[in-house]
Amino acid sequence: MTMTTVVKEINGTKADGGTQIPDPFFAGASRKALKFLPLYLLVPVLFWALFKTMGYEMHWKGFGLGALGWFIALFLRGPLSLLVQKWPPERAKNVIVGSSGVLEEGIRLGLIALTSATFSWAQSVGQGWAAIEVLFAIVNVIMITTLVNRTDEKAMQAKELLKAQGNIQASPLWGILERIWASAFHIGATLMVAFNPWLVLLLIPLHSSLNMVAVRLAAKASALATNMFIAAVGLITLAVSLVLY
């Protein structure tokens, strides 16, 4: 979520007319991202260590349930995408991104309501929710690297879309920092819902607004501005949840 300009695709051929030269931006960015992949895994470890230090053990069933909840929310976006596929692109994108609050917070509330609202359980559910999103980010990085040497029409379109949306970072460290702030938000939101289910009425618009503003900042502003915004919302949400308990 950091590139603010679309870099024009650069293609070429070797002297023998054979292999096409890969986009240098994608080639460089993908190599950097692959080197930093292990650091992504440190994000869930960081939060596990934080709560363990606070005296809370991980409930692995809750962790798994949180991961499942994220997958369910992702799956439900499928039918929504089909529903709006013939709409104007900008409007369709706004609906899909904006739906994150309703889908994720609704499912988060349901998971807590059907299981337990204790702090220890809720932080485990939140950590599972955040960790699977980190894993999804890792999978995205790996998938992006497969586009580097492809020059077919679909691959070229995918590259331009990824650049325009900021899904490839000039520095992968921005993506890792973003996962930290987003994880803080998910854990904090889960704790807030566990503390008082009615807080979901606040979290739904907050979550949707977070994603919509972050997408716009990623396309038009700097990586620093995007991360500062996500950090502010994520850390404040986590801090408020800890104060409430």
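What follows is calculated from the coordinates using simple rules that are stated; it is not laboratory data. Everything quoted here is computed from the prediction, not taken from an experiment. Here Cβ is always computed from backbone atoms with ideal geometry, including for glycine, and neighbour counts include all displayed protein chains.
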Note down the nm distance, to one decimal, between modelled labels 7 Å out along Cα→Cβ at S209 and at Q85.
-> 3.3
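List the trypsin sites (Lys or Arg not before Pro) within the range 34-102 that DSSP assigns to loop and that have no more than 12 neighbouring Cβ atoms inside 10 Å. Mind showing how you got there, number by number?
Details: sites: K35, K52, K61, R77, K86, R91, K93; in loops: K86.
Qualifying residues, ordered by number: K86.
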Whole-Hz Karplus ³J(HN,Hα) for the range 126-132, in order, using 6.51 cos²θ - 1.76 cosθ + 1.60 and θ = phi - 60°, x for Gly and Pro?
-> x, 5, x, 4, 5, 5, 5
Between F75 and A232, 0.36 nm times their residue separation minus their Cα-Cα distance comes to what?
-> 53.7 nm
Sequence of E57, E104, E90 once ranked by neighbouring C-beta atoms within 10 Å, starting from the fewest = E90, E57, E104
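For I142, I176, what's the fewest-to-most ordering of other Cβ within 10 Å of each Cβ?
Working: I142 12, I176 20.
Listing I142, I176 from fewest to most nearby Cβ atoms yields I142, I176.
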